[in-house]
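K.L.:
Take a look at this one; I'll ask things after.
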Amino acid sequence: SYSCTCPTGYENDDSDPHLCFDVDECAESLDDCDPLATCTDTDGGFTCECPAGYEGDGTTCELIVCDTTGVNFAAASQGSTASAPSTFPSYSTANVIDGNTSTLQSETVSWANDWPNDAPNGLPIPFDIDFGQSRTVNRVVIYTSAGHEIRSYDLGYWDGTTWRWLVGTTGNSATISPHDFPTIRTSKIRILCRAGPTFQPTYVRLNEVEAVCN
């Protein structure tokens, strides 16, 4: 004779003992996720993910609190560096982290991409700020050039494995745009620049970026 045993995460169907079906551990409360975490059923198992503002492996979630408050971690004076795959001559990426919050459209205070020399890739163009170490952040303020405002962009952060997106903005006309979100722990943030002003959509400009924890 013989017997059939389903692997872990599967169970026999009463109508046919030769068939194995996936167990939905989340629906049947068989998971070990933290009460705050989101349980997602997978083929033969499940995953747990902490909500925004918390950190942990999903089986345990702890609130992220500010390590330091009121400090602009994006500033070069705090050890941060800025980079972009395309820069218009004289419009340095360093202008965006120098602490100067002027919104003047100028090569001395702005960064801009070098279109059309950045073709064929073109937009969107990532603008990255590397803190050089792990920081806690819950507010990012983006300064752009008055009269040449960046119209469309996404704001994200590096979670150690991949980029996660916090904000998606379209139709922007503000020169100063603050963005608040649940506290994150990260070593890098990214502004994915998608479009410049309607009269010059292929040029995107940033004047300053601030990243703080309050």
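The values are calculated or read from the model by the stated rules, or taken from the named source; none is laboratory data. Computed from a prediction, not measured in an experiment: that's the story for all the values here. Every residue, glycine among them, receives a Cβ derived from its backbone with ideal geometry; neighbour counts consider all protein chains shown. Quick note on the areas: whole protein, heavy atoms, side chains included, nothing else; ligands and nucleic acids left out. Shrake-Rupley method; radii C 1.70, N 1.55, O 1.52, S 1.80 Å.
K.L.:
Quick one: compute the contact order of the chain, relative version, from alpha carbon pairs under 8 angstrom and 6+ residues apart, as a percent.
P.N.:
Relative CO of the chain lands at 21 percent.
K.L.:
Only residues of region 57-71 count here: report those whose backbone N is under 15 Å from the spot 7 Å along Cα→Cβ of ASP32, or say none.
P.N.:
Only 57-61 pass the distance filter.
K.L.:
A further question on this structure: So how far apart, in nm, are the two label points at PHE199 and CYS66 if each is 7 Å from Cα heading toward Cβ?
P.N.:
About 3.9 nm separates the two model spin labels.
K.L.:
Full extension from THR47 to LEU19: what is 0.36 nm times the residue separation minus their Cα-Cα distance, to one decimal in nm?
P.N.:
So the extension gain works out to 7.7 nm.
K.L.:
Whole number in Å², please: accessible area per residue of the chain, 1.4 Å probe, ligands, DNA and RNA not counted.
P.N.:
51
K.L.:
Would you mind giving the three semi-axes, in whole Å and largest first, of the ellipsoid equivalent to the chain according to its Cα gyration tensor?
P.N.:
Sorted largest first and rounded, they come to 46, 21, 14 Å.
K.L.:
Okay, moving on. If you rank TRP111, TRP158 by how much accessible surface each has, with a 1.4 Å probe, what is the order from largest down?
P.N.:
Accessible-area ranking of TRP111, TRP158, largest first: TRP158, TRP111.
K.L.:
Let me ask something else about it. So, with a 1.4 angstrom probe, what is the percent of accessible area on region 140-214 that is carbon and sulfur?
P.N.:
The value for region 140-214 is 48 percent carbon and sulfur by accessible area.
K.L.:
So between ASN100 and CYS6, what do we pick up on full extension, going 0.36 nm a residue minus the alpha carbon distance?
P.N.:
Additional length available on full extension: 27.5 nm.
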